[in-house]
Amino acid sequence: MPIAVLTQAVISAISIPTEADNINIYLKDGELVSISRKELKEKKSTNELIVYKRDKELVEIKASDIDYIRYESLDTYDKTVDFVKEYNIMVNDLDEHVLNYYNTKRYKKSRTSQTLAVAGWTLAIVANPLFWAVAPIPTTQAIMTMRSANKKYVVGGKEWKEVKKAQKAKIKELKQKAKEEQSS
């Protein structure tokens, strides 16, 4: 059981980025530039330029050329919106289904961590003192994840299935756009 608790803690800490995690920059000339958080170079950016690295080459976008920025991921929004707002660029609000998807996902993740935390503490008290070393990991994850989930946007049942389906369709659409841009 300690292996299961540890494995869950490691797996829930890992997040595989998708096209939806990119920052979508819409330029005034109608072009869309989609960059990942990893590509964004905040330290090299200035008040007039946003710098990102693609194919081992630094690319600059003038802030004056940007019409607006759109996010498709609450995680990316949380981590980069303060940096982007420094440029006084219009940042579109997140869509309702994006808020529903990511907050429900965070809530479900915290509930799983809660279950494993209860199991870990129970086993630490009842069965094996080795669990005292492992039990705080899912407990901490459950607390931190639950705090970051806005319960106002948490959905369940059929509504959750619809939201999840819409998000998968959106990711598929974004992947298709990215492929078209690369082949151009």
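The values are calculated or read from the model by the stated rules, or taken from the named source; none is laboratory data. Small disclaimer: the values here were computed from a predicted structure and weren't measured. Note: ideal-geometry Cβ built from the backbone for every residue, glycine included; neighbour counts use all protein chains shown. These accessible areas exclude ligands, DNA and RNA; they are computed on the full protein's heavy atoms, side chains included. Shrake-Rupley method; radii C 1.70, N 1.55, O 1.52, S 1.80 Å.
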message: Keeping all protein chains in the complex and leaving out DNA, RNA and ligands, what accessible area do you get for residue 55 with a 1.4 Å probe, in Å² to the nearest 10?
response: 140 Å²
Net charge over other residues, Cβ less than 13 angstrom from the Cβ of residue 103 (K, R count +1; D, E count -1): +4
- prompt: Gap in Å between the Cα centre of the range 86-161 and the Cα centre of the range 23-64?
  reply: 31 Å
field: Debye log10 I(q)/I(0) at q = 0.16 Å⁻¹ for the range 42-184, Cα point scatterers
entry: -1.00
field: In Hz, Karplus ³J(HN,Hα) per residue of the range 67-80 (6.51, -1.76, 1.60; θ = phi - 60°; x = Gly, Pro)
entry: 7, 7, 10, 10, 10, 10, 9, 5, 5, 5, 4, 4, 8, 10
